[in-house]
Amino acid sequence: VPHVKASFFTYMLVMCVCVGGFLFGYDTGVISGALQPLQEKFGLSTVQKELVVGATTLGAIFGGFFAGLLSDKMGRKILVIISSVIFIAGALLLALAPSYGVLLLGRLVVGVAVGVASMIVPVYVSELAPKHIRGRLTTLNTLVITFGQVIAYVMNIAFASVDNGWRYMFGIAGIPALFQFIIMPFLPESPRRLVITNKLEQAKSTLRKIYGPEVTEAFIENQVRLMLDDVNSSSSSSFKDLIHRDTLRPLIIACLLQAAQQLSGFNAAMYYAATILQMAGFRSNQNSTSVAIIVSVTNMVFTAVAVSVIDWAGRRRMVVITMLMMIAGLISLGATFAAQQGFIPKQDSCSGYVTHCARNDKAITGILLTSLIVYVASYALGLGYAPWLIQSEMFSNSVRGKANGVSTAVNWICNLIISTTFLSMTDTLTSAGTFWFYAGISFILWIGIYFLLPEVNTINITKI
């Protein structure tokens with residue numbers, strides 16, 4: 001494939017990826033700093049807070065599921081446009097929410113958009129991008145998600161002491177969505193979608209746009225022929241093929257990795273970062289949110305490191321080693337909370353911890369922040385990025401869509417479990433007990449991954 005100069009079209013494509021990933025990151029991260037002001041405004045109970053956090057994940061499960069079903073029927077492009085409209089509607093509902101019910105509805109609506117975008121944007125991009133930048137764009141999407149979370153935390157800090165600041169935190173998400181809504185009509189439908197609907201001439205003209213005038217007609221014809229073959233082999237596959245001996249093992253590995261990604265509790269740290277730090281004695285919402293940004297910046301920086309070293313270090317080695325570091329970070333986090341609060345369920349004020357009201361102990365706070373950074377950094381180096389990469393490499397074309405759909409559903413369901421139980425668990429198991437529980441589950445999953453995951457670079461485990 002000739003290395004054509006990046007065209008206007010390529011830049012538009014990159015912008016489109018960036019907006020989808022950014023909104024995914026922003027809307028999942030922004031709740032961390034909005035939770036405290038929401039509690040003050042609406043007088044939320046523990047369960048109500050968990051529902052506000054979990055509603056977006058629940059919406060994402062449905063959004064992702066329907067996007068999977070509709071992407072072949074409606075096309076990629078229209079679904080990206082629909083997701084931007086849903087993002088705008090969700091941002092408006094949240095920014096203007098007069099009551100807890102509307103707030104919950106807004107979070108659910110935003111979740112549907114997150115689910116659609118997280119499913120359709122990577123598919124759309126991988127089908128549109130010129131081959132030589134395809135891998136880089138997929139990687140960019142992962143990085144932009146973490147960047148969206150950082151910006152969400154910056155907005156949390158900016159509006160922490162503003163009256164009704166949470167409305168701005170949520171409302172700002174509507175701006176990039178509007179931008180995406182304006183850009184999208186200028187981009188073509190994906191060639192693969194055009195091939196599916198038998199619009200072969202349109203598919204060829206889109207491919208010419210993608211690769212530029214330098215490529216030959218024979219090259220374009222060949223691309224269309226490859227797509228036709230691929231579409232025919234995928235349409236002949238069914239979910240029954242997933243339990244075929246050659247596909248079942250990769251599917252189990254993919255589901256195991258996605259479950260480990262969520263059940264390690266990372267999203268509890270992401271969604272409840274400010275809350276966790278308030279438990280650790282950072283009194284004001286402004287303070288705890290400012291320190292919470294460490295979580296998202298660490299995640300972004302180490303995701304970038306993971307992206308640059310994973311090919312050289314190997315998928316398996318990265319996951320196996322970083323998971324052990326992550327488990328050590330969780331055990332240490334639990335230990336610092338135990339030293340600080342004892343095994344007393346979460347109290348509303350420091351005096352509730354009686355003898356363990358040692359919350360201003362600088363040394364303990366230092367160890368706690370160090371443990372949190374070790375935990376987040378090791379997550380970003382391994383489980384944050386590797387499961388998506390590995391799952392994109394393990395399946396043959398004929399079952400890839402269905403297999404990815406199943407393992408991504410596992411990811412969202414485990415995410416929902418974590419996001420809707422974290423506060424209740426700290427109430428009953430204590431903060432220390434909760435982090436140790438995550439460490440225990442991670443260790444069990446680590447054993448499964450250790451024995452099942454081959455080095456994907458060297459062993460192609462799908463010879464279908």
Subject >> Residues (among the acidic types (Asp, Glu) and touching a residue at least 12 places away in the same chain (Cβ under 8 Å)) located in the range 172-207 >> reply: Glu189
Original post:
Residues in the range 101-114: is at least one among the charged types (D, E, K, R) and within 14 Å of Asp27 (Cβ to Cβ)?
Top reply: yes
Original post:
Any residue at all in the range 60-70 that is small (Gly, Ala, Ser), touching a residue at least 40 places away in the same chain (Cβ under 8 Å), open to solvent by 10 Å² or more (accessible area, probe 1.4 Å) and not assigned by the TED database to the domain that holds Ile210?
Top reply: yes
Original post:
Does the range 37-59 hold any residues that are assigned to a helix (DSSP H, G or I), open to solvent by 40 Å² or more (accessible area, probe 1.4 Å), more than 15 Å from Ser419 (Cβ to Cβ) and not charged (D, E, K, R), and which are they?
Top reply: Gln39, Phe42
Original post:
Limited to the range 129-147, what total is found for residues that are over 24 Å from Leu70 (Cα atoms) and surrounded by fewer than 19 Cβ atoms within 10 Å (Cβ to Cβ)?
Top reply: 7
**OP:** Could you grab me the full set of residues in the range 422-442 that are closer than 26 Å to Ser118 by Cβ and modelled with pLDDT of 95 or more?
**Re:** Tyr438, Ile441, Ser442
Subject >> the range 299-327, residues that are among the hydroxyl-bearing types (Ser, Thr, Tyr) and buried (at least 21 other Cβ atoms within 10 Å of the Cβ) >> reply: Thr303, Thr322
Original post:
Going through the range 158-194 one residue at a time, which ones are surrounded by fewer than 20 Cβ atoms within 10 Å (Cβ to Cβ), under 24 Å from the mean Cα position of the chain (by Cα) and within 30 Å of Arg283 (Cα to Cα)?
Top reply: Ala158, Arg167, Tyr168, Gly171, Ile172
Original post:
Within the group Ser126, Ser83, which residue is under 14 Å from Cys16 (Cβ atoms), open to solvent by 10 Å² or more (accessible area, probe 1.4 Å) and assigned by the TED database to the domain that holds Gly171?
Top reply: Ser126
Original post:
Given the conditions (1) of a type in the set (Val, Ile, Thr); (2) open to solvent by 10 Å² or more (accessible area, probe 1.4 Å); (3) not assigned by the TED database to the domain that holds Asp230, which single one is not true for Thr197?
Top reply: (3)
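Okay, residues lined up against (1) open to solvent by 20 Å² or more (accessible area, probe 1.4 Å); (2) within 14 Å of Gly265 (Cα to Cα); (3) outside the structural domain of Ser71 (by the TED database); (4) charged (D, E, K, R):
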{"position": "Leu368", "(1), (2), (3), (4)": "no, no, yes, no"}
{"position": "Met394", "(1), (2), (3), (4)": "no, no, yes, no"}
{"position": "Gly401", "(1), (2), (3), (4)": "yes, no, yes, no"}
{"position": "Ile418", "(1), (2), (3), (4)": "no, yes, yes, no"}
{"position": "Leu452", "(1), (2), (3), (4)": "yes, no, yes, no"}
{"position": "Glu455", "(1), (2), (3), (4)": "yes, no, yes, yes"}
Subject >> Filtered residues of the range 238-286 (kept if closer than 29 Å to Met155 by Cα and of a type in the set (Lys, Arg)) >> reply: Arg283
Original post:
Is it the case that some residue within the range 100-110 is outside any helix (DSSP H, G or I) and open to solvent by 50 Å² or more (accessible area, probe 1.4 Å)?
Top reply: no
Original post:
So which of Gly33, Gly59 ends up being out of contact with any strand residue (DSSP E or B) (no Cβ under 9 Å at 6 or more places or on another chain) and either over 23 Å from Val162 (Cα atoms) or among the aliphatic types (A, V, I, L, M) (or both)?
Top reply: Gly59
Subject >> Test for Met270: is it closer than 21 Å to Gly440 by Cα, part of a helix (DSSP H, G or I), without any contact (Cβ under 8 Å) to a residue 60 or more places away in the chain and touching a helix residue (DSSP H, G or I) at 6+ places or on another chain (Cβ under 7 Å) >> reply: no
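The values are calculated or read from the model by the stated rules, or taken from the named source; none is laboratory data. Here the structure is a predicted model, which is why all the values come from computation and not from measurement. Neighbour counts run over all protein chains shown; Cβ positions are idealised from the backbone, glycine included. Surface areas here come from the heavy atoms of the whole protein model, side chains and all, with no ligands, DNA or RNA. Shrake-Rupley method; radii C 1.70, N 1.55, O 1.52, S 1.80 Å.
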